[in-house]
Amino acid sequence: MVSKIMKRFASTLFPTSTPHRSLLTVPNFEQFFPNLLPHVSTFEKAVQVGVPLKEYLKQNFVFYSKIAGEILEKVPEWRNLELMNNKSICYHVLRLFYCLLSSEGFSKYSNEEKNIFYWVTLLHDIRKRGLPLLLVPKDPFHSYSSAAYALQYLTQISKADAPTIHKAQVLSNKIMEAKISKPTEYYQLYKDILDIHSLECIDISKLPELIEDLDSLFIPGSFHNTTVKMILMHQCLPTLKKFHTNYKLSESMISIFLNKDMLRNMKLFIMCDSNSYLLNTRRHLIEVHKEEFDAVFKKYELLCN
C-alpha cells in the first residue's frame, strides 16, 4: 500500500490540468460567497489601529451578521459553530481568511490554487466542537470530522453523479470511524470538574488507508482530492512546540504523504492558521517564532519527494 501511495504523491499538489476521476464541477468560492472576501479585506482598518479582530467582530455584530448570513445560506453547518464558545471558532475562521489574504506570497498563487485555499479555510474547522463548560474549545478529532463533512458537502455541490456521491458517503463514514479514545492534556486539566475520562482523537494509523481511498475516489492534485486532504491532515503536521500535538505524522509518513509542493502549501496554511489566533494578542507567528517555524519546515523539505 505504501508503494501505491508514493506513486500517487509523485505528482504535484496543484497541477495546472488534472482530470477528475468523475466529471465534477469545481465550485468557485468567490461566486458562492461574493461578499465574504471583500468584507474580510476591511479587517485591515482594525489591524492598523491595533484593535484585536475578535473584539472588532464582537463589537460590530451587524457587520458579522452580514458575513455569517452569506455563509449560512450555503453552509448550514456554520450555525453549529456559532453555538460554540460565543462564536469563537467562527471568529477564528474569519481571522484566518484575513491572514491568508494578507500573507506574503499568496498573491502569486493561481486562481485555481486560491480557490482551494478558500474552501480549506472555510471548512477546516466546520465540525470542531469544544468540551462542555470550557472557555477554550479543544477537539482532537476535528480535522477528521471536518474532512468527512467537506468530502460530502463538496461532492454534493459539484453536481456529482449518484455513484460518486455514494462513494463519498462511504468514505466519509470511514473517516468518522477512524478514532481512538484516550486521555489528553485537556482531560488532565479538567478531570476534577468534568465527568470525562477520555476524548475522541484521530487514529493516525488509519491515515494511509484514508489517503489511498481518497486518491481512488478523486485523482491526486484535483480540487476535491486536495481540499479534503489538506483538511484531513491540517492537525497532523507538527510545527512549533507551542502548538504541539500528540497525534502527528512521523518522519517516515511525512516522506510518503508530502512532496515539496504540498509541503509549501501546508506550510502557508498552518502558518496562517496559527497567526489567526495570535492576532488576538496583536502578535504575529512569523515575527515571534519565525526561526523555529522555518527550521522545522526546512527539515521536512529534506524528507519530501
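Taking a cut-off of 17 Å between Cα atoms, list the aspartates and glutamates near LYS108, but don't count ones fewer than 8 places away on the same chain.
Partners within reach: ASP261.
My understanding is that a pair violates if its Cα-Cα distance is over 20 Å; which of LYS128/LYS159; LYS138/LYS267; LYS74/LYS159; LYS114/LYS167; LYS58/LYS87 do that in this structure?
LYS128/LYS159; LYS138/LYS267; LYS114/LYS167, as the Cα separations exceed 20 Å there.
Could you sort 94-102, 54-62, 172-180 so that the peptide with the highest average Cβ count within 10 Å comes first and the rest follow in order?
Highest-to-lowest ranking by the protection proxy: 94-102, 172-180, 54-62.
Determine, for each peptide in 112-118, 222-228, the mean count of other beta carbons within 10 angstrom over its residues, then list the peptides with the highest first.
The densest-packed peptide leads the list: 222-228, 112-118.
At VAL51 and ASN173, where each label point lies 7 Å from the Cα along Cα→Cβ, what is the point-to-point distance in nanometres?
4.9 nm
Once you place label points 7 Å from the Cα toward the Cβ at THR42 and ASP203, how far apart are they in nm?
4.7 nm
Provide the packing ranking of 210-220, 119-129, i.e. peptides ordered by the mean count of other C-beta atoms within 10 Å per residue, highest first.
119-129, 210-220
If the cut-off is a Cα-Cα distance under 16 Å, which aspartates and glutamates reach LYS66, setting aside same-chain residues fewer than 8 apart in sequence?
GLU30, GLU82
No value in this document is a laboratory result; all are computed from the given coordinates. In this text the structure is predicted, and so the values were computed from the model without any measurement. Cβ sites come from the backbone with ideal geometry, for glycine too, and all protein chains shown count toward neighbours.
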